[in-house]
Each structure stands twice: as C-alpha cells, then as structure tokens.
Amino acid sequence: MHKMKILVLNCGSSSLKYQLFDMTGEVVMAKGLVERIGIGGSIVKHTKGEDSTVREHDIQDHAQAIKIVLDLLTGPGTGVIASLSEISAVGHRVVHGGEKHAKSVLISDDVIKGIEECVPLAPLHNPANLMGITAMRKLLPGVHNVAAFDTAFHQTMPQAAYIYGIPFEYYERDRVRRYSFHGTSHDFVSARAAEILGRPLDSLKIVTCHLGNGSSLAAVDCGKSVDASMGMGTSCGVLMGTRCGDVDASVLLHIMEQGVGASELSDIIHKKSGLLGVSGVSSDLRDVEKAADKGDRRAKLACEMLYRSVKKYIASFAAVMGGVDAIVFTAGIGENSDLTRKAVVSGLEFMGAKIDDAKNNGLRGKEAVISADDSKVKVLVVPTNEELLIARDTQRLAK
Ligand code: AMP
C-alpha cells in the first residue's frame, strides 16, 4: 500500500491537467497539461522532473487526450512507470457535487448519476469532469476512480449561510442556494496552517483567502467551512480577474432591461468584469498593479476595490465565527502579491491582525507566517495544492 501511485485528473471543457503522484513521500513523478481538446491545434505539455516535452496532436475528445497522457507516462523518454498496472487509483477533480457529496467518494454508477444530476448547476464543468471519468473507467478497467468535489468542503455551512433571501421554494424546487467552490484548496490550506502553527485544527478559527483568477474566501471554524464568499455560481464574492464579485441584483435587472439577454449578461459578469472591467487594462493583477503604479486611475481603483472586498469578507467572517486566530493567503495573488496582502491586512489592527513588512515584502510562493510577532491573529501564506489533497483522498478511499 505504501507504494501507491495515484493519477490525478482535472478535466476542463477543452483542457486536461494531470499529475502522477508516488504517495511514498508524496512526490510528483510527472505532470502536464493538454489544451485545445476538440477545437483543433491541440497541445500537450508533459513534464518529468526538469524535462518538459511539448507536442502537437489533433485531439478530438477527452478519451483521446487521456490515452495520449497514459502513453506519455509509460513511453520511452517521457515515461515514469513501466506499465499502467502501476497506477493504483485515479482521482478526479469534480466541480459540483450538489448537496449529495460532503466528501470525496469512490466512483460508482450511482455517483456518476449524481454528478450528471448536478450538470444544471455546473453546465460547463461537470460534463467535462464526467468525460474524464468515463474515459478512465474504459481505459483502466478495474482501477478505482475517486471524485473530489470543489463544493464538498462547504457542505458543512449552516442553512443561514447558504439560503438566499428569495422565496424558499427556489431552494426546495430548484436547489438555488450558496454552494461556493475551491473547497479542496480551503480544506488543504486551513489544515496546513494549523500544522505550521503547531495547533490542533479543531481549536482554530481561520479565514482562508484563495485569491487567484477566480477568488473565494471561507470561514473555517474548527476545520469546518461555516461560510464562504462564492455562491450558487462563481461570479459573486470578492472582485476577481474577469468576474464581478458581489453586485446588487437590481444592477443585473437594470442591464437586462436595456435589452441584454441572459447569455450576454453571463459574458459580462463572468468574462468582462472584475479587474479587467474596472481597470480596462487587464485581468492579470500584475499588469493592473503596474498600471496603478504608473498613475492609471482606473487601475488604482480596481486594486483598491479588490483589497477592500477581501478585507470586508475577512472581518465579516471573523464576526460570523466570533473571532479569528489566523488569516491564510493562497493561490496566484495570495501567494505572490505582497501589495495585496499588506493592503488587505492594514486596517485590521483593531481586531488584532498586523503584518510584519520584513516578512511579507518580496515573499512569493512560499509557506510563511507573515504577521508581526505581537499580532494576536496569525497571518500566513500557504501555497495551495489541490492535486495533493485529491491524491490523498484517492489513496485513502481506494485502499
Ligand atoms: P491563479 O488563478 O491562482 O493562477 O492566479 C492568477 C492570478 O495571480 C493573476 O491575477 C496573476 O496576476 C496573479 N499573480 C501571480 N503572480 C503575481 C505576482 N507576482 N504579483 C501579483 N499578482 C500575481
């Protein structure tokens, strides 16, 4: 059992990311990315140690992409295992588990049916995840597949956190409620933060800030998510790269009343808003920070909106939990933008959080405690590793 090798797959609508773990020591043996599946000009990037191979293929579907990945994992030069029989189990990132799944599960026909039932809740993602699962079951029959859901960690939220203030029948009939996402990331970094602090997770109140292209915060009380900033979909909460964050429903009605239909509105709130929409510069915070530094007023405004929205969620989640012991930053922005971390935490001294500039400045992509020694609330940077958490769950369930 100690020699388990676990393949982790993350299937997007036209992409596939994979990592093969040797669970002895939890090392990544190989990883890669397949892009442009089914849209022509597909590219496969496979990395083994320091060596990367980039190949162009014409890949029609996820089954073909997975076949190519399996060939790369065993092939001459690119391979890291002698045969596919060395793969003990496969873990799949699945976006939506609805209310059925509060944990990762071993995949059965019944689980597949459940994922299908959640397609209306995640119309872009769940079908792609299902394609990966179906292909894997065919290509490696007899190997266990595990689903790890983005929504699962947040299933511990109390009803008061997840019901919207609209007629209750929308929840009962259409499952309209807050689900929130990035669950594996919030789970991973909150547990890791407790380890770094040397304190039991079940004694800590933590606010986890997953700030990347898509961003969400979670209130993690004693290891359980009790509130989170994303909702039924992924556009709400804090300002994101191209997603709007919290917007008054009346704003959306106003836009629709101007003749904008549902699919165009979806484009506006998911692809044209956020840092990009406000700054007009870019969805990438690095570009926006640079423009702001050069005096671009809208870029500066977009940064300020991001910082303010994160700060507001931290304080409101502290209120929800009746205190906070640690604030954790993760994902692209959280791990790399010292400016964001500084701006978000400054002003939170009233609740006992103070950053140590010497520890924060220039810190990128590394685990660290960045609060001042006398800060009551610990502030940490913890690089997220959703794949590793999926691999661990897969190992545990496949045993
Ligand atoms: P992710 O979706 O987790 O890959 O995060 C992507 C976001 O992280 C983008 O907005 C990037 O601009 C941001 N990011 C990455 N590196 C840095 C950096 N050094 N400074 C500021 N933002 C960064």
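Details
- Contact order relative to length of the stretch 279-348, as percent, for alpha carbon pairs under 8 angstrom and 6 or more apart: 25
- Cα centroid separation, the stretch 268-297 to the stretch 230-251: 16 Å.
- A straight Cα-to-Cα reach below 21 Å connects LYS271 with the lysines LYS300, residues fewer than 8 places away in its own chain not being considered.
- Solvent-accessible surface (1.4 angstrom probe) belonging to ASP296, in square angstrom, nearest 10: 60
- Computed extension gain for ASP287 through ALA82, at 0.36 nm per residue and net of the alpha carbon distance, reaches 69.4 nm.
- Pairs of Cα atoms nearer than 8 Å and 6+ residues apart set the relative contact order; for the chain it is 14 percent.
- Computed on protein heavy atoms with a 1.4 Å probe, the accessible areas place CYS222, CYS209 in the order CYS222, CYS209, largest first.
- DSSP-assigned coil residues among GluC sites (Glu not before Pro) in the stretch 48-108, each with at most 14 further Cβ atoms within 10 Å: GLU50, GLU99
- The modelled label-to-label distance between LYS376 and LYS272, using points 7 Å beyond Cα along the C-beta direction, is 4.7 nm.
- Taking the Cα centre of the stretch 21-62 as origin and assigning +1 to Lys and Arg Cβ atoms and -1 to Asp and Glu Cβ atoms, the resulting dipole is close to 80 debye.
- Cα convex hull, the stretch 270-399: 146 Å³ per residue, rounded to a whole number.
- Protein accessible area in the stretch 228-294, 1.4 Å probe - carbon and sulfur %: 53
- Within the accessible area of the stretch 331-399 (1.4 Å probe), percent carbon and sulfur: 50
- 31 Å Cα-Cα threshold exceeded, pairs from LYS17/LYS103; LYS67/LYS224; LYS224/LYS399: LYS67/LYS224
- Whether the stretch 106-262 is rounded, prolate or oblate, judged on the alpha carbon gyration tensor where a/c under 1.5 counts as rounded: oblate
- Using alpha-carbon coordinates, inclination of helix 262-271 to the longest axis of the chain, degrees: 80
- Mean separation of Cα contacts under 8 Å, 6 or more apart, over the residue count of the stretch 147-220: relative contact order %: 26
- The 1.4 Å probe gives accessible areas that order HIS125, HIS254, largest first, as HIS254, HIS125.
- Between ILE327, ILE133, ILE269, the GNM of the chain built on Cα springs shorter than 10 angstrom shows ILE269 fluctuating the most.
- The helix-only estimate of mean residue ellipticity at 222 nm for the chain, built from DSSP H runs of length n ≥ 4 each weighted as -39500 (n - 2.57), is -11000 deg cm²/dmol after division by the residue total.
- Cα centroid separation, the stretch 310-362 to the stretch 92-169: 31 Å.
- With Cα atoms, 0 to 90° folded angle of helix 297-321 axis to the chain main axis: 90
- Choice from TYR179, TYR18, TYR171 with maximal GNM fluctuation in the chain (Cα, 10 Å cutoff): TYR171
- Computed with a 1.4 Å probe over protein heavy atoms only, the accessible surface of the chain comes to 45 Å² per residue.
- Net lengthening on full extension, SER346/LYS138 (0.36 nm per residue, minus Cα-Cα): 69.6 nm
- The accessible-area ordering, largest first, of the residues LYS67, LYS100 stands as LYS100, LYS67, per a 1.4 angstrom probe.
- Gaussian network model of the chain, Cα within-10 Å springs - most flexible of LEU139, LEU285, LEU73: LEU139
- Placing unit charges on each Cβ (+1 for Lys and Arg, -1 for Asp and Glu) gives the stretch 259-319 a dipole about its Cα centre, and among SER316, ILE268, SER279 the Cα reaching farthest toward its positive end belongs to SER316.
- Cβ charges +1 (Lys, Arg) and -1 (Asp, Glu), total dipole of the chain, debye: 340
The values are calculated or read from the model by the stated rules, or taken from the named source; none is laboratory data. Here the structure is a predicted model, which means the values were calculated and not measured. Backbone-built Cβ (ideal geometry, glycine too); neighbour counts: all protein chains shown. With ligands, DNA and RNA removed, areas are computed over all heavy atoms of the protein, side chains included. Shrake-Rupley method; radii C 1.70, N 1.55, O 1.52, S 1.80 Å.
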